[in-house]
1. Can you tell me which residue within segment 39-70, out of those that are modelled with pLDDT under 85 and more than 11 Å from the chain's Cα centre (by Cα), is surrounded by the most Cβ atoms within 10 Å (Cβ to Cβ)?
2. I'd like to verify a number: residues in segment 19-38 that are open to solvent by 70 Å² or more (accessible area, probe 1.4 Å) and hydroxyl-bearing (Ser, Thr, Tyr), how many?
3. State whether one or more residues within segment 25-36 are part of a loop (DSSP other than H, G, I, E, B) and either touching a Ser or Thr at 6+ places or on another chain (Cβ under 6 Å) or aromatic (Phe, Trp, Tyr) (or both).
4. Based on what the data block shows, is Ala16 under 18 Å from Ala68 (Cα atoms), in contact (Cβ under 8 Å) with a residue 24 or more places away in the chain and either of a type outside the set (Phe, Trp, Tyr) or exposed (fewer than 13 other Cβ atoms within 10 Å of the Cβ) (or both)?
Amino acid sequence: MADFHPGYVLNAFIFALLGIVLFIIAFAILDKLTPYALWQEIVEKQNVALAVLVGAMSLGMCVIIAAAVH
């Protein structure tokens with residue numbers, strides 16, 4: 001069994017928080033770059049294709065951010 005150090009938990013929390021903040025910033029930039037309001041298109045107009053596209057782009061951004069933070 002690996003040695004447990006309290007600093008590992010703190011490091012994991014800091015990197016998780018950093019990843020979430022970077023994702024929110026990246027998603028806000030993506031929303032500003034699109035010519036329409038993403039939330040309105042997905043929720044109010046029920047645009048499923050856009051929801052799938054935004055979900056795939058979100059996963060891609062998360063993988064990139066996770067690799068960069070790790």
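The values are calculated or read from the model by the stated rules, or taken from the named source; none is laboratory data. Only a predicted model underlies this, so the values are computations on that prediction, with no experimental measurement involved. Neighbour counts are summed over all protein chains in view; Cβ atoms, including those assigned to glycine, are modelled from backbone coordinates with ideal geometry. Keep in mind that these areas ignore ligands, DNA and RNA; they rest on the heavy atoms of the full protein, side chains included. Shrake-Rupley method; radii C 1.70, N 1.55, O 1.52, S 1.80 Å.
1. Val69
2. The qualifying residues number 1.
3. Yes - at least one qualifying residue is present in segment 25-36.
4. No: the conditions fail for Ala16.
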